[in-house]
Amino acid sequence: MIIFFIENDEIIKNLICLAFVFDFLIFMICYFYNKKAYEKIVDIYEKEIGPLPLSAKLCKDASVFATPYLYNTKVSFITRSLNFKYHKHLHHGISIEGYNLIRNLPTKLTLGFRIESLSLLICIPIMIGFFIIF
């Protein structure tokens, strides 16, 4: 097995780089798609439930390019509701009604957030492989 990795070193490096670029492109496409979906979800949430959670309200203008951590905070009330079951500590600032509202939104609005979360999850083993190989 070690001989296989030694002989095919360049191919493995190229595959890891290609996987990283492909994952990055998927994330960027979802990011631009989610800009409009986020605005629609916020409008629906504010009309039916009330004000946004404080963390989402504070990071309202965050972007991936300027403030990536704040962007994650901005969309976390959506992605946590889509990806995890309701728990009062995980869903801080969101009521069970808000959780159910986000879970029952049309797939057209939420699919981009699910794919974005999945691409970030896939990025972790790619980055580990990237650092091991290089």
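My understanding is that a pair violates if its Cα-Cα distance is over 21 Å; which of 60/85; 88/108; 36/60; 36/88; 35/57; 47/108 do that in this structure?
60/85; 88/108; 36/88
Local charge sum around residue 102 (other residues, Cβ-Cβ under 11 Å, Lys/Arg +1, Asp/Glu -1)?
0
If DNA, RNA and ligands are ignored and the probe is 1.4 Å, what is the ranking of 9, 61, 43 by accessible area, most exposed first?
Sorted descending by solvent-accessible area, the residues read 61, 43, 9.
Could you check which residue among 86, 69, 99 shows the biggest mean-square fluctuation in a GNM of the chain with a 10 Å Cα cutoff?
Result for the chain, Cα springs under 10 Å: 69 fluctuates most.
Please name which of 12, 101, 29 has its Cα lying farthest along the dipole of the chain towards the positive end, using unit charges on Cβ (Lys, Arg +1; Asp, Glu -1) and the Cα centre as origin.
The one lying farthest along the dipole's positive direction is 101.
Taking 0.36 nm per residue of separation and subtracting the Cα-Cα distance, what length does fully extending residue 5 through residue 100 add?
29.4 nm
At a 1.4 Å probe radius, carbon and sulfur cover how many percent of the accessible area of the chain?
68 percent
Once you charge only the Cβ atoms, +1 for Lys and Arg and -1 for Asp and Glu, what is the size of the charge dipole of the chain about its Cα centre, to the nearest 20 debye?
Around 580 debye, computed over the chain.
If I build a Gaussian network model for the chain, linking alpha-carbon pairs within less than 10 angstrom, which residue out of 32, 77, 20 has the largest mean-square fluctuation?
For the chain, modelled as a Gaussian network with Cα springs under 10 Å, the answer is 32.
How large is log10 I(q)/I(0) at q = 0.09, 0.21, 0.22 Å⁻¹ when the Debye formula is applied to the Cα atoms of the chain, each weighted equally and without solvent?
-0.35, -1.23, -1.33
In the Gaussian network model of the chain, springs joining C-alpha atoms below 10 Å, which of 83, 72, 14 carries the largest mean-square fluctuation?
14
Between segment 20-49 and segment 80-134, how many Å separate their Cα centres?
Comparing the Cα centres of segment 20-49 and segment 80-134, I get a distance of 12 Å.
The values are calculated or read from the model by the stated rules, or taken from the named source; none is laboratory data. The model shown is predicted, which means the values in this text are computed figures rather than measured ones. No Cβ is skipped: glycine too gets one built from the backbone with ideal geometry, and neighbour counts run over all protein chains shown. Just the protein is used for accessible areas: all its heavy atoms, side chains included, with ligands, DNA and RNA removed. Shrake-Rupley method; radii C 1.70, N 1.55, O 1.52, S 1.80 Å.
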